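Quick notes on the structure that follows.
The values are calculated or read from the model by the stated rules, or taken from the named source; none is laboratory data. From a predicted model like this one, the values you see are computed outputs, not experimental measurements. Note: ideal-geometry Cβ built from the backbone for every residue, glycine included; neighbour counts use all protein chains shown. Keep in mind that these areas ignore ligands, DNA and RNA; they rest on the heavy atoms of the full protein, side chains included. Shrake-Rupley method; radii C 1.70, N 1.55, O 1.52, S 1.80 Å.
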Amino acid sequence: MRILGVRIDHVDMKGALKKATENIDPLKPFVIVTPNSEIVVKANQEKELLKFIENAGMVVPDGIGLVIGSKLVKQPLKERVTGIDLMVELVKYASLNKKSVYFLGGKPGFADQAADKLKEQFPGLEVAGTHHGYFKGIHTGAKGHSEEVSVIEDIKSKKPDMVFVAFGAPKQEYFIDAYKDVLGAGLLMGVGGSLDVISGNVKRAPQIYQKMGMEWAYRLAKEPWRIKRAGALPIFALNVLIKKDRPM
Ligand code: UDP
């Protein structure tokens, strides 16, 4: 289905996990995108992002706005499939099926801490490597002589089956788009702030907020600077109502 011209797949968590694990292939890397309303708005402004989403292996609805939007365009999605939950399920699958994982992104140390937490939770998990997300290069926030090549070489040399990229959207999507075919990984997924949460450095909204679809409000209260980004939400809602399923 499409919401404001952006592809969203009709999958629930079980279906998403099945599709992803059946398609891990280093010769044809499986890319997972987890858009929310903000990304749908962005994809209407940036053609490259729209194309990337269109060509992804799977596009799961991470964001209550999309579930509500899908009802307005009369193609109701079953449920929200949050990136962090899908990532943890994939890591669990990796631990049970001898697949290795690489965590890229977050502040220095966070990816390592997240890896330790996941190894505790899933004994036997093979973490091929980790790297923070503040190296210099065109895909991250840091300016200066590019360190991107050495990060790419590190990932390639460690031969992970799955790479989770946590730079926030759409930076992580552009990074995956640029390197998916050279890394040799079978699955790549952008996971936003998930490493912050898994490492224990940022608290996820309590379950009650998650269940009510109010996780965004909790995050806004904790990180008020997000108000600038949340500006995309009313634009999204209005456009879905006015234009239904046509692109903006
Ligand atoms: N980040 C990064 N490199 C950058 C910019 C951001 O590694 O150049 C990390 C940041 O530390 C955080 C994540 O990317 O862990 C972005 O999280 P956010 O919650 O903003 O992403 P969202 O889930 O909203 O896309």
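Just a few scattered comments:
- Prolate/oblate/rounded label for region 6-152 (Cα gyration tensor, a/c 1.5): oblate
- Span from the region 1-30 Cα centroid across to the region 112-175 one, whole angstrom: 21 Å
- Highest-fluctuation residue, Ile138, Ile64, Ile155 considered, GNM on the chain with Cα pairs under 10 Å: Ile138
- For the peptides 144-154, 186-196, the ranking by packing is 186-196, 144-154, with the highest mean count of neighbouring Cβ atoms within 10 Å listed first.
- Surface share of carbon and sulfur [accessible, 1.4 angstrom probe, percent] for region 162-209: 53 percent
- Anisotropy class of region 48-128 from Cα gyration tensor, a/c 1.5 cut: prolate
- Cα→Cβ-extended label distance, 7 Å offset, between Asp154 and Lys74, nm: 5.2 nm
- Accessible carbon and sulfur surface of region 73-120 relative to its total accessible area, %, 1.4 Å: 48 percent
- The chain: most fluctuating residue of Thr34, Thr140, Thr82 per GNM, C-alpha cutoff 10 Å: Thr140
- Note that the chain presents 50 Å² accessible area per residue, ligands and nucleic acids not counted, probe 1.4 Å.
- Considering only beta bridges that DSSP places wholly inside the chain, some 10 percent are antiparallel.
- Net +/- balance of residues flanking Pro170 in space, Cβ distance below 9 Å, scoring K and R +1, D and E -1: -1
- Cα-based shape type of region 91-248, given that a ≥ b ≥ c are square roots of the gyration tensor eigenvalues and the cut on a/c is 1.5: prolate
- Local charge for Lys18 was computed over the other residues whose Cβ lies under 12 Å away, with Lys and Arg +1 and Asp and Glu -1, and equals -1.
- Label separation (Tyr134 vs Asp12): 4.2 nm, computed from points 7 Å beyond Cα along the C-beta direction.
- Within straight-line cross-link reach of Lys92, lysines at Cα separation under 17 Å, skipping those fewer than 8 residues along the same chain: Lys14, Lys18, Lys19, Lys117, Lys119
- Sequence-distant contacts, meaning Cα pairs under 8 Å at least 6 residues apart, place the relative contact order of region 107-248 at 19 percent.
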